[in-house]
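Engineer: The structure that follows is given in the form of structure tokens.
All of the numbers you see were taken from the coordinates with simple rules; none came from a lab. Note that the structure is predicted; figures quoted are calculated from it, not measured. Every residue, glycine among them, receives a Cβ derived from its backbone with ideal geometry; neighbour counts consider all protein chains shown.
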């Protein structure tokens, strides 16, 4: 535990570097520009949704909660469609969202450093070894977790690839930062 406590600089710096890359990826780099398809008449859709006065949340349509009596009806709806999800946001608070994203990165960096300690890394561990193991854990952390949602909710393939690219980059940044700042020998 003492070694993990001495990883605080690596943990915080890694979280900050990953956060910075994420902000850069979404605000400046071009690979996320076409992640979301445009509706043919988004004003018409927005006006319709606004007229329903729905609270922010995630909605699935049609409502798939059915009892035995409605199974045939639901089967027909499945066949004819459309079906999907509608996510309504409240007005985003960029500062809060950025802070929460940093906290997620901080938690991930802490757990990744813990893996290094649990793997038996010692003070002064070679950069290459720390990089190899913790970059791999970082890639898994930032890439793989989103794939089941992408599969089940039919994410745009381009968006999936963009997020995988980001996950690999974030993992490599994690490995590099942890390797560079891993506690040195006393």
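Engineer: In nm, give the distance between the simple-model label positions of residue 153 and residue 89, each being 7 Å from the Cα along the Cα-to-Cβ direction.
Structural biologist: With each label point 7 Å from Cα toward Cβ, the separation is 1.3 nm.
Engineer: For labels at residue 79 and residue 180 in the simple 7 Å Cα→Cβ model, what's the distance in nm?
Structural biologist: About 6.0 nm, to one decimal.
Engineer: Taking a ≥ b ≥ c as the square roots of the eigenvalues of the Cα gyration tensor of the stretch 1-56, is the shape rounded (a/c under 1.5), prolate (a/b larger than b/c) or oblate?
Structural biologist: Taking the square roots of the gyration eigenvalues as a ≥ b ≥ c, the stretch 1-56 is oblate.
Engineer: Evaluated at 25 °C with a viscosity of 0.890 mPa s, what Stokes-Einstein diffusion coefficient in µm²/s does the stretch 135-182 have when Rh comes from the Kirkwood expression over alpha-carbon pairs?
Structural biologist: 222 µm²/s
Engineer: Taking only the Cα atoms of the stretch 94-186, how large is their convex hull per residue, in Å³?
Structural biologist: Details: hull volume 10.0 nm³, N = 93.
With only Cα atoms used, the stretch 94-186 gives 107 Å³ per residue.
Engineer: Cα convex hull of the stretch 1-107: mean projected area in nm², to one decimal?
Structural biologist: Values: hull surface 49.2 nm².
Convex hull of Cα atoms, orientation-averaged projection: 12.3 nm².
Engineer: Would you mind checking the tilt of helix 71-80 against the longest principal axis of the Cα atoms of the chain, expressed as 0 to 90 degrees and rounded to 10?
Structural biologist: Between helix and principal axis, roughly 80 degrees.
Engineer: Sticking with this one: Can you give the angle from 0 to 90° between the axis of helix 8-27 and the longest principal axis of the chain, with both taken from C-alpha atoms, to the nearest 10?
Structural biologist: 40 degrees
Engineer: For the stretch 80-119 and the stretch 1-68, what is the centre-to-centre distance using only Cα atoms, to the nearest Å?
Structural biologist: Measuring centre to centre over Cα atoms gives 8 Å.
Engineer: Once the piece of chain linking residue 33 and residue 118 is laid out straight, how much longer is it, given 0.36 nm per residue of separation minus the C-alpha distance between them?
Structural biologist: 26.7 nm
Engineer: By per-residue mean of other Cβ atoms within 10 Å, what is the highest-first order of 80-89, 105-114, 123-132, 148-157? Display every interim value, and only then the final one.
Structural biologist: Values: 80-89: 9.7, 105-114: 20.2, 123-132: 14.6, 148-157: 11.3.
So the order, starting with the most tightly packed, is 105-114, 123-132, 148-157, 80-89.
Engineer: Ranking request for peptides 53-59, 27-33: highest mean number of other beta-carbon atoms within 10 Å first, then the rest in descending order.
Structural biologist: 27-33, 53-59
Engineer: Could you work out how far helix 42-52 tilts from the main Cα principal axis of the chain, as a 0 to 90 degree angle to the nearest 10?
Structural biologist: Around 80 degrees separate the two axes.
Engineer: So how many Å³ per residue does the convex hull of the Cα atoms of the chain work out to?
Structural biologist: Spread over its residues, the Cα hull of the chain gives 174 Å³ apiece.
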